[in-house]
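Read the figures in this text as sums done on the coordinates, not as results from a lab. Remember, predicted model here, so these are calculated numbers, not experimental data. Methodologically, a virtual Cβ is constructed for each residue, glycine included, from the backbone with ideal geometry; neighbour enumeration extends over all protein chains shown.
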Amino acid sequence: MFRLHTPIGSFVEDFCFAYADFPACDESEVSDFRIRVTPAPRRRPWREAQARFLADGRSPFETFSRRIALPWAEWGFNWCIYSYAHQFLIFHSAVVEKAGRAAILAGPSGSGKSTLCAAMLTRGWRLLSDEFALLDPARGWLLPIPRPVALKNGSIELIAKLLPDPRIGRVFAPTRKGRLAQLRPPADAVERQAEPAEPAWVVFPTHADDARTELVPLRKAAGFLRLERNCFNYAALGRTAFEALGKVIATSPCYELPFAEVEAAAALVDRLAELQPAAAAPLDAA
């Protein structure tokens, strides 16, 4: 849980749009992180107005332009999770779920996982996360953290055409990663954010304009190594990470997914759920 304070009006407007379906916390509730997005001194008069991100009084980043405060805050929230949430095994991955079973869409920035994740939402999959797979090593569950989906450059307009209603916030440009926009999580994903899911598939998407869109099966050993490379805290958890990752790979078929057209790629992942229907009811969060 994040407790956020900021006096920057434009950031409040952007944040309220992106998190419109989330309940507000009571002041008495205990928060995991206390976040401040505050104005920063403008040391050079010709520079844009600056802001600073602080987590529990610590500033992990340099100052940034106030006009892109929301993308920076999202990166800051990510930093908090992968720096401190070591009760989980954390993968750099989007995660979507259908009928209690989750597809881990793992890959580095620029692989197309966020675009594919957003396209999966239009096919009835539930958003667990755009950025992280949080695996409970003891229970083998994937825990939801359904924050906004980060869209970049051409994927903004592409996903906007696929969505039935306007859930994409304003476009931030220019940034270090080009044009950025936040896709607001579906209300259903927010309402079910305490409901875990069982890992069922591991998919490594890679977008390229000239790619042939296909699911290519991976051997278990290759899938293990690929997913381990996308893990933030594998070394920190040691044997616990090895055993937990091994269980995921043992029960989850692994695939590479090169793709040029995201709708075709989403259809292939959707087909996995049709070919391998759930054998049991969704996991109980209790």
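Numbers at a glance
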{"read-out": "Residue-averaged [θ]222 nm for the chain, counting only DSSP H segments that reach four residues, each worth -39500 (n - 2.57)", "value": "-9000 deg cm²/dmol"}
{"read-out": "Value of D in µm² per second that Stokes-Einstein yields for the range 104-156, Kirkwood Rh from Cα pairs, at 37 °C (0.692 mPa s)", "value": "276"}
{"read-out": "GNM top mover of Pro45, Pro148, Pro217 - the chain, alpha-carbon springs below 10 Å", "value": "Pro45"}
{"read-out": "Cα-based shape type of the range 23-163, given that a ≥ b ≥ c are square roots of the gyration tensor eigenvalues and the cut on a/c is 1.5", "value": "oblate"}
{"read-out": "Within the range 253-275, backbone nitrogen closer than 20 Å to the virtual label 7 Å beyond the Cα of Asp209 toward Cβ", "value": "258-265"}
{"read-out": "Over 27 Å between alpha carbons, listed pairs Lys113/Lys161; Lys177/Lys247; Lys98/Lys152; Lys98/Lys220; Lys113/Lys247", "value": "Lys177/Lys247"}
{"read-out": "GNM top mover of Asp188, Asp210, Asp270 - the chain, alpha-carbon springs below 10 Å", "value": "Asp210"}
{"read-out": "Nearest-0.05 FRET efficiency for Lys177 and Ser10, computed from C-beta distance (R0 30 Å)", "value": "0.95"}
{"read-out": "Under the Debye formula (equal points on every Cα, no solvent term), log10 I(q)/I(0) of the range 88-277 at q = 0.08, 0.12 Å⁻¹", "value": "-0.23, -0.53"}
{"read-out": "With eigenvalues of the C-alpha gyration tensor scaled by 5 and rooted, the range 1-84, Å", "value": "23, 15, 11"}
{"read-out": "For peptides 77-88, 198-209, sequence by mean Cβ density within 10 Å, most packed first", "value": "198-209, 77-88"}
{"read-out": "Gain on full stretching of the segment that runs from Ala260 to Ser65 - 0.36 nm per residue minus C-alpha separation", "value": "66.9 nm"}
